[in-house]
Each structure stands twice: as C-alpha cells, then as structure tokens.
Amino acid sequence: MKLTCPTCKNVLDDVADDYPSRPFCSARCKLADLHAWLTEEYKISEPLPLEPEDERRHLN
C-alpha cells in the first residue's frame, strides 16, 4: 500500500495495513498533527448543521 503523510507529504511505498503511525509516516508527524489541533492551528471553520433531533431540543 502507498501512503502519503498528511503532515510532511512524504510518500512511503509498500506500507503494511497495520503500520503503527498510519496515516502518518512517523510518530513525529503524528505528534505534530496532534500539536496543531491542540494549539488551534487547525480548526473547523463552519459550525456543524444541527440534526433534526438537536433542532427540536433548541426550540423548546
């Protein structure tokens, strides 16, 4: 399986399905991604739409 790391864009060929750092190329890239989320470097830019059940709860 071919793997492209979402953090550093490094391409790995012939990666096993049970590769421990997957989808990242290494533990370092995995931690860099976690750090970006924890420091709010990554964020969801739009609010998620309310599901019908949630809308009823907010109307009452």
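Just so you know, all these numbers are worked out from the coordinates, no wet-lab data involved. The shown structure was predicted, so the numbers you read here are calculated from the model rather than taken from an experiment. Here Cβ is always computed from backbone atoms with ideal geometry, including for glycine, and neighbour counts include all displayed protein chains.
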Residue by residue through the stretch 20-28, the couplings from Karplus 6.51 cos²θ - 1.76 cosθ + 1.60 with θ = phi - 60°, in Hz, x for Gly and Pro, are x, 9, 3, x, 8, 7, 7, 5, 4
Dividing the mean separation of Cα pairs under 8 Å (6+ apart) by the residue count of the chain yields a relative contact order in percent of 24
Kirkwood Rh over alpha-carbon pairs of the chain plugged into Stokes-Einstein at 25 °C, 0.890 mPa s gives a D in µm²/s of 172
Stretched fully, the stretch from residue 14 through residue 26 gains (0.36 nm per residue minus C-alpha distance, one decimal, in nm) 2.8 nm
With +1 at each Lys and Arg Cβ and -1 at each Asp and Glu Cβ, the charge dipole magnitude of the chain around its Cα centre, to the nearest 20 debye, comes out at 240
Scan of the chain for trypsin sites (Lys or Arg not before Pro) in DSSP loops with at most 16 other beta-carbon atoms within 10 Å gives a longest site-free stretch of 10-42
